[in-house]
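Engineer: Structure in structure tokens, see below.
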Amino acid sequence: MPDVPVFDVAGLTKVHGRERRVANDDLTLSIARGEIFGILGDNGAGKTTLVRQMAGLIAPTSGELRFMGTPVEEAERELTTQVGYMPQSAFALNNLTVSEAIFFTARFRGLSRRAARGEVARLLSQWAIEPLANRVAKQLSGGQRRLLQLAVTMAGSPPVLILDEPTNDLDPVNRKRVWHLLTAANQDGATIIFVTHDAVEAEKVVHRVAIMRQGRIVALGRPLDLKQEIGHRFRLELIGTPGDPPAPLARVHCTEVEPGRWLAILDKADVGEIMTNLDMQKFDDVRLSSSTLEDLYLHYATT
């Protein structure tokens, strides 16, 4: 079934609790085989709720959600054997050693004992966690546990990976390792769906992206196409002292994306005037470049 989407979502809505809080509001999208699909949004945008429904962990309130053409409520076995899901925080195998967690997950996905032992050796090496092999998972640091979660998720090489904030708690070296190994898995045929709020990292690997805000999808497509929709603009990034936006940017939309790091999206016609009036001595760094996925994220998710 080469044309059947891995996931097909139509009018998906999820309402939580007696307070009837809408987490996902009428979502419609499809994810093709072999895609690297990113889901971006602020905390509370509904990203985790969406992927938990994809993984079959919570049921939709209304709408349709199909995995390989089968409604997810009827695809429990397929989801178990063909989807590797990594949650954002909780880890069900905390009381096992690192090696045991990988071994039993591989067995759970249908590998023989011999093949599962081979998976343990492969993944310990791949994720550079051999020294942790006999450590109990709950005794690991946050970053070490994240690497173990990734190794467990990929045990048995499931054809679909769903990853919720895969680089949280990781240092730059291991962040780079994550994207390298996920790209390699995709080149081997895996479909990868990941949740993040870090548009800078996502742009390195993503084929298509959904940007969510308050439970809805506000933008969906290839980053290049989405950039064209908002026109040819430039990004001005200023690094300096946290506080009020720089004076020359008072009449344009300017966001302090983190303390001391300001970002403005400029129309081409305004670039010359703004750069002329900008006092470069007040900043540690000034960067002017073409628009990025982070700019798209700020445009669609905050305006």
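Engineer: Once amide H atoms are built 1.01 Å from N in the peptide plane, which residues 5 or more positions from Ala32, or in another chain, come under 5 Å H to H?
Structural biologist: Val6
Engineer: Relative contact order of the range 78-202: what whole-number percent is it, with Cα pairs under 8 angstrom and at least 6 residues apart? Don't jump to the answer; show the numbers that get you there.
Structural biologist: Working: 161 pairs, mean separation 38.9, N = 125.
Computed value for the range 78-202: 31 percent relative contact order.
Engineer: Residue by residue, what Karplus-based ³J(HN,Hα) values in Hz, rounded to whole numbers, does the range 144-149 have, using 6.51, -1.76 and 1.60 with θ = phi - 60° and x for Gly and Pro?
Structural biologist: Going residue by residue, I get 5, 5, 5, 5, 5, 4 Hz, with x marking Gly and Pro.
Engineer: Taking the Cα atoms only, what angle lies between the long axis of helix 172-187 and the longest principal axis of the chain, rounded to 10 degrees?
Structural biologist: It works out to around 60 degrees.
Engineer: Right, another one. Check cross-link reach from Lys14 to the lysines: straight Cα distance under 28 Å, and skip same-chain residues fewer than eight apart.
Structural biologist: Qualifying lysines at Cα under 28 Å: Lys47.
Engineer: Could you work out the local net charge near Leu12, counting Lys and Arg as +1, Asp and Glu as -1, over the other residues with Cβ closer than 14 Å to its Cβ? Display every interim value, and only then the final one.
Structural biologist: On the way: positive: Lys14, Lys47, Arg52, Arg66, Arg216; negative: Asp8, Asp25, Asp26, Glu64, Glu73.
So the environment of Leu12 carries a net charge of 0.
Engineer: Collect residues whose amide H, placed 1.01 Å from N in the peptide plane, falls under 5 Å from the amide H of Gly260; neighbours closer than 5 in sequence don't count.
Structural biologist: For Gly260, whose amide H was placed from the backbone, the distant partners under 5 Å are Gly243.
Engineer: To continue, here is another question. Under the 0.36 nm per residue contour assumption, what length would be gained going from the current alpha-carbon distance of Glu229 and Val205 to full extension? Intermediate values should be presented prior to the final figure.
Structural biologist: On the way: separation 24, 0.36 × 24 = 8.64 nm, distance 2.08 nm.
Full-extension gain reported as 6.6 nm.
Every number here is computed from the coordinates shown, using simple stated rules; none is lab data. Every value quoted in this text rests on a predicted model; they were computed, and no experiment measured them. All Cβ positions, even for glycine, are placed from backbone atoms using ideal geometry, and neighbour counts span all protein chains on display.
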